[in-house]
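Following: one structure in structure tokens, then a few remarks.
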Amino acid sequence: MNSLKMALIITLLFVFTAPTALANQDVADENGLGEKILRQLWADMQKPDMEMIEKTIAEGFQSVHQFGSDNREQEIKLIKGLNLGNYTLSDIKITRNGPVIVATYFVSVEETIKGKRLLKTPAPRLSVFLKTDSGWKWIAHANLKPLK
């Protein structure tokens with residue numbers, strides 16, 4: 001799938017989930033569940049705990065990065081080679097609409113993506129989690145360029 005199609009899918013996902021999510025922003029994040037799931041994902045990526053990551057990433061997962069889009073298998077391969085340094089998650093905003101948790105946040109991290117070492121400049125991210133019979137699954141992710 002080319003990056004234009006991926007961007008369209010992410011946009012449609014936002015368009016269809018944002019109105020309800022934004023209407024529910026004042027609702028508490030169920031004892032911090034969304035933030036807990038997000039922080040655990042990042043801890044698993046830093047180790048990396050590939051067994052947990054593979055259990056967490058949903059079938060049908062898609063992500064978009066500066067270099068294009070990835071499916072589940074491609075994202076797992078990318079995570080295996082990340083070599084994450086210390087990181088900081090900030091400005092975390094969590095919304096929930098039924099079985100969907102949407103997390104927007106900034107991350108400051110030194111990481112290697114596709115062999116290129118990236119700077120620790122805060123960069124926006126979007127992660128979407130879906131509640132399934134086997135627990136919360138990571139279904140979508142957007143890795144945006146750092147702000148200048």
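If I model a spin label as a point 7 Å beyond the Cα along the Cα-Cβ vector, how far apart are those points for Asn83 and Lys120 in nm? Going from the Asn83 label point to the Lys120 one covers 1.7 nm.
Filter Lys36/Lys116; Lys55/Lys145; Lys55/Lys77; Lys47/Lys93; Lys55/Lys80; Lys80/Lys131 down to the pairs with a C-alpha to C-alpha distance above 21 Å, please. Cα-Cα > 21 Å for Lys36/Lys116; Lys55/Lys145; Lys47/Lys93; Lys80/Lys131; rest within.
Taking amide H as placed 1.01 Å from N in the peptide plane, Thr121 has its amide H under 5 Å from the amide H of Val109, each at least 5 places away in sequence or on another chain.
Annotation: amide H of Ile57 within the under-5 Å range of Trp138, sequence separation 5 or more or interchain, hydrogens built in the peptide plane.
Taking packing as the residue-averaged number of other Cβ atoms within 10 angstrom, the listed peptides 104-110, 135-141 run from highest to lowest as 135-141, 104-110.
Laboratory data are not the source of any read-out in this text; all were calculated from the coordinates shown. Model, not experiment: these values are computed from the prediction. All Cβ positions, even for glycine, are placed from backbone atoms using ideal geometry, and neighbour counts span all protein chains on display.
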